[in-house]
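Take a look at the structure set out below.
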Protein chains: 2
Amino acid sequence: MDRTIREVARRAGVSIATVSRVLNKTVPVSEDKRKRVLEAVDAVGYTPNPAAQSLLKKETGGLGVLLPYAGEEFFAELLTGADLAAQEYGYYLLICTSHRDDKTLQASIRGLDKRVDGLVVMVPEINAKELAYLAKGEDPVVCINTPLSTDAVDRINFDNFEGVRKMTAYLIANGHERIALIRGPERAHDAQKRLEGYRAAMQGAGVSDTSMLEFNGDYTKQAGYTVGEKILALDPRPTAIIAANDYCAIGVLSVLHEHGIAVPEEISVAGFDDVPSAQYAAPTLTSVRVPIREIGAAAIRRLVTRLRAKHPMPHEDQVYPVELVVRQSTAPCKDEA
Amino acid sequence: MDRTIREVARRAGVSIATVSRVLNKTVPVSEDKRKRVLEAVDAVGYTPNPAAQSLLKKETGGLGVLLPYAGEEFFAELLTGADLAAQEYGYYLLICTSHRDDKTLQASIRGLDKRVDGLVVMVPEINAKELAYLAKGEDPVVCINTPLSTDAVDRINFDNFEGVRKMTAYLIANGHERIALIRGPERAHDAQKRLEGYRAAMQGAGVSDTSMLEFNGDYTKQAGYTVGEKILALDPRPTAIIAANDYCAIGVLSVLHEHGIAVPEEISVAGFDDVPSAQYAAPTLTSVRVPIREIGAAAIRRLVTRLRAKHPMPHEDQVYPVELVVRQSTAPCKDEA
DNA sequence: CGTAATCTCGAAAACGTTTTCATGACGTGG
DNA sequence: CCACGTCATGAAAACGTTTTCGAGATTACG
């Protein structure tokens, strides 16, 4: 037995149009037919076929989320916020990960295009070409943490520059001079901004060349661990380390703990993002709070608003402020150098 | 300009059937027409409408994943494994989270049913009724960590019982006697099994009543923190704590660190799951390794295999073995009581 | 009481594909 | 040279909905 609208109509002794009208409440239907239809729907266990619906209505009820990777806490949080908001609006989420290279990204976009009504893109590595490709698709797009180079999409960023600048300034104010930085991926927009914030603050303190204090990383715990080890070997040793994100900072904490180096007594460590793990790290991690979940939700809200708008909306460009969160992993510098 | 197969056919001067044949390579088409079609496809920027395709072919190309929550590292890892496998097979993933209660779960299933070709369900709180509801849907279902009460679905479990049993036995072998356990959610199948494993090992060591050593938790860091504090106040204090999962254990480590209690010297702490954070905790966390990512991928593989099978396949019931991973957070008991 | 307006509802078109069926061209074997 | 199979191709059906259109019934009003 197939669960189609025809079957329901047959059982209720009405036309399929009537069934549709009862279900969608578009037009009043006489009470007895309405009742018969509802009974038949129950008996058959009918639910409308979404494919048929979207074919006709040109909307799918789905929203796509493009991420580099779902395993990191940052993205997981973002996803959670997005999912919560999506459920609230009755949309479902279609996720697509691991787009470190352009080809898979384009392929994903193509595949997603007609399957969803809108797209949230959180791929800091994205370049102008990709962005343009995105923008010329059919669906509205919200980009998170992408460079501000096109105005065909909505953007939600947070203040990566100011976050690290504040963090660096805070450490400087606490007497630190040799502050190392572990960078994020070179191609990532947000990582670049964080780097610039660091340099700006260091220059403000009279350190114009920071090249000896900057280290390559890639936002992973693993990177924090290995680079942390390298930093330890330096002479003179830095008195503070700023990691490009919390995951990386946790890797640093891990290697310091293994070497028996006290944090923050001997060295201060700071992260970025304030993922949930930051406040459960040992010691608890000084970081820059980013309302990750809220941003995920905001992206979805933006999309839905745009989809429901009757008239074209101007593209917005929102920047979330960030906040310094000082915890146990940083302290005034004790170095008398 | 609409990007339909008609438009392509019109430009190429052929029928829509020919376009379809060229694209799907079902039947040979003369070389010149083939070329014209391909050019027209490019010119129009045509991609087939998935809704129309699935309406006809009765398959959507999507796979659904039901999770309680995407923010935890465990689920994030699972999702990553699933996503990787799905991409390999050309399926996309549709995720649905936060199904702590039955109603939203049913609603999600209904909504997902015709949108996907198969379902991965990781909801340890699921009960028999829900499971039956799932099984009678149209799509094949793979359940992860659910009770073994129906055989209408595929199941992938891992050995929750044996994992905690081994962990407990290991601590006992290291001289620990007062071993506390922080439970998982009461309704969760896996948490229940872990509890049983603990009790079995304790009974094996002659401790028949463990009620004074068991504490309620809910798999969160927060729970680990608060319950950890409670355990600290006990007299005599337990010499080891097994948390129902790593997240909870990390919460315990956090509170111990705050109270200045040395791990593992004064107290041993162990977790379960071996999430990536476990090896970056300070100290690194003794845990039970579960191949989370592999399990996520395996679930997808199972679904795809079933979908592609020509003939009905028997339902399988796979149990992954788990492995004790001893790290720094546990040590022989120094208590001379 | 007649006509116009309102209301309920069914028939049918439309959405964009894939696939079946039919047709005409062509080559081949007897 | 004719019949027959093979081959490329187009016309049309089908998938399951929503929505338009029109018809018939009912109400409202003069």
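The values are calculated or read from the model by the stated rules, or taken from the named source; none is laboratory data. Predicted model, so just to flag it, every value in this text is computed and none were measured. A quick note on method: Cβ atoms are made from the backbone with ideal geometry, for glycine too, and the neighbour counts reach across all protein chains shown. The protein model used for the area step is the full one, side chains on, heavy atoms only, and it has no ligands, DNA or RNA in it. Shrake-Rupley method; radii C 1.70, N 1.55, O 1.52, S 1.80 Å.
Here A:G296 meets the list (1) outside any helix (DSSP H, G or I); (2) touching a Leu at 6+ places or on another chain (Cβ under 6 Å) almost entirely, failing just condition (1). Among the conditions (1) more than 12 Å from DNA strand C (Cβ to nearest atom); (2) away from chain A (no Cβ under 14 Å); (3) outside any helix (DSSP H, G or I); (4) not hydroxyl-bearing (S, T, Y), the only one that B:P68 does not satisfy is (2). The condition of being part of a helix (DSSP H, G or I), more than 12 Å from every other protein chain (Cβ to nearest Cβ), buried (at least 17 other Cβ atoms within 10 Å of the Cβ) and free of Cβ contacts under 8 Å to residues at least 60 places away in the same chain does not hold for A:R6.
Of the residues examined, A:E39 is one that is farther than 30 Å from A:T220 by Cβ, more than 13 Å from DNA strand D (Cβ to nearest atom) and over 42 Å from the mean Cα position of the chain (by Cα).
Of all residues in segment A:274-292, which are modelled with pLDDT under 95 and open to solvent by 20 Å² or more (accessible area, probe 1.4 Å)? Hits for segment A:274-292 are A:P276, A:Q279, A:Y280. One residue stands out in segment B:105-121 among those that are within 20 Å of B:T146 (Cβ to Cβ) and facing chain A (nearest Cβ under 8 Å): the one that is surrounded by the fewest Cβ atoms within 10 Å (Cβ to Cβ), namely B:R110.
When residues of segment A:221-246 are filtered for being touching a residue at least 60 places away in the same chain (Cβ under 8 Å) and open to solvent by less than 60 Å² (accessible area, probe 1.4 Å), how many remain? Going through segment A:221-246 one residue at a time, the tally reaches 9.
Of the residues B:N49, B:N24, the single one that is more than 9 Å from DNA strand D (Cβ to nearest atom) and open to solvent by 60 Å² or more (accessible area, probe 1.4 Å) is B:N24. Taking the criterion of being assigned to a helix (DSSP H, G or I) and within 26 Å of B:E88 (Cα to Cα), the residues of segment B:9-37 that qualify are B:S20, B:R21, B:V22, B:L23, B:N24. Filtered by the rule that a residue be open to solvent by less than 10 Å² (accessible area, probe 1.4 Å), of a type in the set (S, T, Y) and in a helix (DSSP H, G or I), segment A:247-273 gives a lone residue, A:S254.
Of the numbered criteria (1) within 26 Å of A:K57 (Cβ to Cβ); (2) free of Cβ contacts under 8 Å to residues at least 40 places away in the same chain; (3) within 8 Å of DNA strand C (Cβ to nearest atom), the one B:T47 fails is (2).
Set side by side, the residues B:A233, B:A244 differ, and just one is touching a Phe, Trp or Tyr at 6+ places or on another chain (Cβ under 8 Å) and farther than 20 Å from A:A281 by Cβ, which is B:A244. Residues of segment B:76-95 that are in contact (Cβ under 8 Å) with a residue 40 or more places away in the chain, at the interface with another protein chain (Cβ under 9 Å from one of its Cβ atoms), in contact with a strand residue (DSSP E or B) (Cβ under 9 Å, 6 or more places away or on another chain) and open to solvent by 10 Å² or more (accessible area, probe 1.4 Å): B:E77 alone. Checking each residue of segment B:52-64 against the condition of being of a type outside the set (S, T, N, Q), closer than 30 Å to B:Y247 by Cβ and touching a helix residue (DSSP H, G or I) at 6+ places or on another chain (Cβ under 7 Å) gives at least one match. Screening the candidates A:M212, A:M202 for the property of being part of a helix (DSSP H, G or I) and open to solvent by 10 Å² or more (accessible area, probe 1.4 Å) yields one hit, A:M212.
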